[in-house]
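The values are calculated or read from the model by the stated rules, or taken from the named source; none is laboratory data. Computed from a predicted model, the values in this text were never measured in an experiment. Here Cβ is always computed from backbone atoms with ideal geometry, including for glycine, and neighbour counts include all displayed protein chains.
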Amino acid sequence: MLPERFAVGLTPLPTAARVARQRSALRMRIISALISLAVLVGILVFLNPGWSRELVIGFIAIWVATSAIWLGLTTVGLQRAKRDLASIGHGDAFYIDGRGIEFVHPTTVHATWSEITALRIAGGSLGAGPSLVMEVGGQRAATIPLSFVDATPSAIDSATSARSLGRVRVDVSGMDRMF
C-alpha cells in the first residue's frame, strides 16, 4: 500500500556546498593572481631581462586582463550561488499523489495525471544544474532545480510511475546532453 502523498522536500545542502566551493575558488584566484604578479615583478626586478618598455607593458596588460576576467567570472559564480541559496525556501517543493502533482515551490501549480504532457529533466550542468520540468498542455507549468530538492530523479520517477499507474514517467534523456 502506497502512502497517500509522496512529499519532495527542499534542501539547501547542495547549494550551500556550491557557495562554499565558489568562495574557495575566489580565494584561490586571488592568491594565484598575487603569486603571478610576484613572479612577474621578480623577473623584471631581479633578472632584469632587458626587455623593451612596450614588452613589459604588454606583459602587465596581459596579467591584468587575465586576472580581471578570472576574478570576474568567479565573483559572478559566487553571487549566483548565493542568490540560489537565498531562493530556497523551507518545507516541501512538491507532492505526488494519486490525482497528480502539486508544486508548492517556487509557485503553486497543480496538474492531474491526464493534464500532464511531460515530466522531464532539462537544463545544463552550470549554476543550479538540471531542473525537473512539468509540462501541462505542452507548455512549461512548473520548474525546480534538482539541487534544491531532497529526492533523486529515480525516486521521483518511481513515485510518479506508481501513483500515476504508469501513465507518467520522468524523462531523463535530457541528462545525456548535459555534460
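Listed values, structure above:
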| read-out | value |
| --- | --- |
| Hey, I101 in the same structural domain as V170 (by TED's automatic domain parsing) and either of a type in the set (V, I, T) or surrounded by fewer than 17 Cβ atoms within 10 Å (Cβ to Cβ) (or both) or not | yes |
| Residue within region 20-34 that is in contact (Cβ under 8 Å) with a residue 40 or more places away in the chain and more than 30 Å from the chain's Cα centre (by Cα) present | no |
| Criterion (part of a strand (DSSP E or B) and touching a residue at least 60 places away in the same chain (Cβ under 8 Å)) met by exactly one of A7, A16 | A7 |
| Qualifying position, being loosely packed, with under 15 Cβ neighbours inside 10 Å and either closer than 30 Å to A93 by Cβ or in contact with a Pro (Cβ under 9 Å, 6 or more places away or on another chain) (or both), among L37, L13, L78 | L13 |
| Only listed residue being of a type in the set (D, E, K, R), over 19 Å from V133 (Cα atoms) and touching a helix residue (DSSP H, G or I) at 6+ places or on another chain (Cβ under 9 Å), chosen from R83, R21, R53, R99 | R21 |
| Every residue from region 115-124 that is assigned to a loop (DSSP other than H, G, I, E, B) and touching a residue at least 40 places away in the same chain (Cβ under 8 Å) | G123, G124 |
| Flag for A81 being in contact (Cβ under 8 Å) with a residue 40 or more places away in the chain, outside any loop (DSSP other than H, G, I, E, B) and farther than 30 Å from A25 by Cα | no |
| Some residue of region 88-106 being within 17 Å of the chain's Cα centre (by Cα), part of a strand (DSSP E or B) and hydrophobic (A, V, I, L, M, F, W, C) | yes |
| Residue in region 77-86 that is closer than 30 Å to R169 by Cα and touching a strand residue (DSSP E or B) at 6+ places or on another chain (Cβ under 7 Å) present | no |
| Members of region 41-64 that are over 36 Å from the mean Cα position of the chain (by Cα) and either of a type in the set (V, I, T) or surrounded by 11 or more Cβ atoms within 10 Å (Cβ to Cβ) (or both) | V41, I43, L44, V45, W51, L55, V56, I57, G58 |
| Hits in region 134-158 (condition: more than 18 Å from D92 (Cβ to Cβ) and β-branched (V, I, T)) | V136 |
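Residues are listed down the side, and each one gets a yes or a no for (1) assigned to a helix (DSSP H, G or I); (2) modelled with pLDDT under 90; (3) over 16 Å from the mean Cα position of the chain (by Cα); (4) surrounded by 19 or more Cβ atoms within 10 Å (Cβ to Cβ):
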| residue | (1), (2), (3), (4) |
| --- | --- |
| L126 | no, yes, no, no |
| G129 | no, yes, no, no |
| L132 | no, no, no, yes |
| S147 | yes, yes, no, yes |
| S158 | yes, no, yes, no |
| L165 | no, yes, yes, no |
| G174 | yes, yes, no, no |
